[in-house]
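What follows is a set of notes on a single structure, which appears directly below.
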Amino acid sequence: MPCDVKPRFLVLYGSQKGQAQSIAEGIAEEAEERGLVADLSCMDQDEKYNLEKENAPVVFIVSTTGEGEPPDNALQFVRYIKKKTLSNDHYKHLCYTLLALGDTNYADFCNCGKTIENRLKQLGAKQFYATGYADDGIGLEVVVDPWLEGLWTAIKGTLSNMASDRTSHFKGNGPELHVETSDSATPDDQLNLLSIADHQKCEAVSTSVDRDSKFASATSSSASAVTDLRPAISTESPDLASPPCVGASVATSAPNTQSQDAGVPRVALAASLTHSMLPLSESSLNVPVLPPPYLDVSLQEGDTLEQMAGPLNKDTLHHVPISTAVQLTRGDSVKTALLLELDISAFPTMTYKPGDSFDVFCPNRPAEVDELVQRLGLQNQRNHRVIVSLRKDTKKTGAVVPPHIPEKVSLLFLLSWCLEIRSVPKKALVRALVEHTGDGAQRRRLQELCSKQGAAEYNLYVRDTSLGVLELLKAFPSCSPPLSLLIEHLARLQPRPYSAASSCLRHPGKLRFVFNVVNFPACSGRPAGRRGLCTGWLFDLINPGLVFPGKADSSGSPALPKIHVSLRPSCSFRPPSDPSVPFIMVGPGTGVAPFIGFLQQRENERQNDSKAAFGETWLFFGCRHKDGDYLFREELEGFVSSGTLSHLKVCFSRDSREDEESITSAAQPRYVQHNLLLNSRHVTDILLRQNGCLYVCGDAKNMAKDVNETLMEMIKAELQVDQLDAMKTLAGLREEKRYLQDIWG
């Protein structure tokens, strides 16, 4: 008797940092639990799928990187579908849905997803379920969870329709997300899109369902009812060492709030990372499915391993010395800004241009590594070799040993240079930690934090505070995860990018950059504040030889160390190649860094060719205090004196407004966007009539957004157009590479 063939669909992902891939893998895993087969492929694995002949539904999960660009592993696919030689009915046989990941703190939100969606429609593909636009700026799960919830109904409905009649229209009936398309649909048709633009809609979708998807619940209405996780009178809990039944939520009983822990009554007077209050503390919880373990990890004693002093990929790195370190701000400034100069004279391949940036490779802090080793109970095996392989019994779809886990390295090296141990624990990791937590109250709280009902508290206490995995483990002392779990869930330790703040023409053989020492304040789960990983590491390295404002460099200062760096050339964030083109720079605080390189290069060009025509240059700079953190003040004023910088517009947000100038001034600017408004006529003339360029560098969450909104208001007023037309004008400037941003979150 032949076996029943399970209904099949295709999942394609394009992922830069692993988030889209993780969601796609979760869909594939949950499909099996729901009696479906999901063929999972990365978009660049075109040997594994063929959309030209695909007759099953296709689910795209794609992120956006850089300046609205596709992830590296989706670039080939995007280039193919954008070919003009493809006919309008090329994908008329295809039905699809798409989840786009992005961040509204950056320009071109979800641009890769929008590009793919628009092009698929132009090529005749039919959409069976609404697109989801998830915003990492406020939490992907706000959109991802309800989108995934409705996906399963939509897929099953589409598969059923396709099985009964291959020529019928595709329909998707997900909760609150009903989408029905027809052959007459055009690329401009507006579907019922799920995005963060309408928070009420998201909340309605989230609360209208009584079961969750892979990332918000493990319960299928056809398999079992949602398990009641409300607190029971008993403080006993089921043994969580055993995996839950397929398709069922993890069953626990929350401990009584009066239960004893080490002789101390546990009475939560206020909500915190470790304690919840009503109604969450007595709510039924929908928790995610336990992620299937997929790695075997062992520690092997043997010959003493050579302890490497830096990252593994030394072939692409340069170990360069720091020649100078100067503090640019006064000691009483809120932020500490430092300028470092690297000596790259021995590295002829490190040729950079203004606008380029470079990566600094730093290790995790030794004290934190030691603490994590002790927490894992491996202090006596810190120098043992780590052996990582795939579990033979793993149920994880497409499981592979993470490529950032090298062979033949010690545990100490692995935790120092390979894993981002400060990364914010994702909900999948929090869910996995539940299985290794002994105390009932702590176990319940971890379940709350990874549950659908506890999403707001996860954001408040974990995500928004940038809580690291070590800090989470400190807060839950009865949690003792194995090393394999951390290797499975922690991302690769990423290098930190910095903009070049110099020009090779002005400083041959040197590379300068500027940064603020980042500080994370104390919070629930972090009793004491801590410095940023890379900026704190750099500060500790150069502190003995640091030169302070107003003090000459001492020849007796200790020699400065070397750091590992690699160049990251920019394709577009450069001054205009034609010197006659006017351009505007907006860079408050350390955002001024790349523009120092711009102006140094421009000054050198003017000196070498006095007869050439040079366009106007404008710089809008701002800081807190004129006397405390006005970075590069003397150099900027020198650019004005030499004529290199046509207009320098500065503002100071925290200086007293009571001086005579502020009283008599009609409009005293406080932030760079205010100065832009004051100079609206000149700015819009340069952008709209002189074909000039605008560059913005700095904070993405506040400054860059405010500048963008200000520009729209200026365009509306100048051209006498509405908001939509102003947005289209700005979008046109971006497409022409005349409105460029180098921003960070």
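Observations
- Subset tally (residues that are of a type outside the set (D, E, K, R), open to solvent by less than 40 Å² (accessible area, probe 1.4 Å) and not in a loop (DSSP other than H, G, I, E, B)) for region 437-457: 9
- Any hit, region 414-423, residues being crowded, with 18+ Cβ neighbours inside 10 Å, modelled with pLDDT of 95 or more and polar (S, T, N, Q): yes
- Only one entry in 80, 106 is of a type in the set (Phe, Trp, Tyr), out of contact with any Asp or Glu (no Cβ under 7 Å at 6 or more places or on another chain) and surrounded by 23 or more Cβ atoms within 10 Å (Cβ to Cβ), namely 106.
- Scanning region 111-122 for residues that are open to solvent by 10 Å² or more (accessible area, probe 1.4 Å) and not in a helix (DSSP H, G or I) turns up nothing.
- Residue, surrounded by the fewest Cβ atoms within 10 Å (Cβ to Cβ), within region 580-599, restricted to residues that are of a type in the set (Gly, Ala, Ser) and not in a helix (DSSP H, G or I): 580
- Across region 458-472, the number of residues qualifying as open to solvent by 20 Å² or more (accessible area, probe 1.4 Å) and outside any helix (DSSP H, G or I) comes to 3.
- Residue selected from region 514-545 under the condition assigned to a helix (DSSP H, G or I) and open to solvent by less than 20 Å² (accessible area, probe 1.4 Å), by the criterion farthest from residue 356 (Cα to Cα): 545
- Cβ pairs under 7 Å, 6+ apart, first in region 272-285 and farther than 23 Å from residue 477 by Cα and among the small types (Gly, Ala, Ser), second at pLDDT below 90 and open to solvent by 30 Å² or more (accessible area, probe 1.4 Å): 283/230; 284/226; 284/228; 284/230
- Residue list for region 568-579, filter: within 21 Å of the chain's Cα centre (by Cα) and buried (at least 16 other Cβ atoms within 10 Å of the Cβ): 570, 573
- In the set (1) within 29 Å of the chain's Cα centre (by Cα); (2) surrounded by fewer than 19 Cβ atoms within 10 Å (Cβ to Cβ); (3) among the acidic types (Asp, Glu), the condition left unmet by residue 25 is number (2).
- The listed residues are 701, 649, and the only one of them that is outside any loop (DSSP other than H, G, I, E, B), at pLDDT 95 or above, open to solvent by 50 Å² or more (accessible area, probe 1.4 Å) and within 24 Å of residue 742 (Cα to Cα) turns out to be 649.
- Taking the listed residues 409, 430, 388, 434, the one that is open to solvent by less than 40 Å² (accessible area, probe 1.4 Å), at pLDDT 95 or above and more than 30 Å from residue 279 (Cα to Cα) is 388, with no other qualifying.
- Scan of region 93-103 for residues that are within 23 Å of residue 156 (Cβ to Cβ) and open to solvent by 10 Å² or more (accessible area, probe 1.4 Å), ordered by number: 93
- One residue alone among 63, 87 is modelled with pLDDT of 90 or more and buried (at least 23 other Cβ atoms within 10 Å of the Cβ), and that residue is 63.
- Which numbered condition residue 97 misses (of (1) assigned to a loop (DSSP other than H, G, I, E, B); (2) touching a residue at least 12 places away in the same chain (Cβ under 8 Å)): (1)
- Matching entry among 130, 74, 56, 38 (being among the small types (Gly, Ala, Ser) and assigned to a strand (DSSP E or B)): 38
- Matching residues, region 8-21, being buried (at least 19 other Cβ atoms within 10 Å of the Cβ) and not aliphatic (A, V, I, L, M): 9, 13, 14, 15, 16, 19, 21
- For region 616-623, the condition holds for no residue, the condition being that it is more than 22 Å from residue 340 (Cα to Cα), open to solvent by 30 Å² or more (accessible area, probe 1.4 Å), in a loop (DSSP other than H, G, I, E, B) and modelled with pLDDT under 95.
- Within region 489-513, considering residues that are assigned to a strand (DSSP E or B) and open to solvent by less than 10 Å² (accessible area, probe 1.4 Å), the one farthest from residue 431 (Cα to Cα): 511
The values are calculated or read from the model by the stated rules, or taken from the named source; none is laboratory data. From a predicted model like this one, the values you see are computed outputs, not experimental measurements. Cβ coordinates were reconstructed from backbone atoms using ideal geometry, including for glycine residues, and neighbour counts include every protein chain displayed. Note: areas computed on protein heavy atoms with side chains; ligands, DNA, RNA excluded. Shrake-Rupley method; radii C 1.70, N 1.55, O 1.52, S 1.80 Å.
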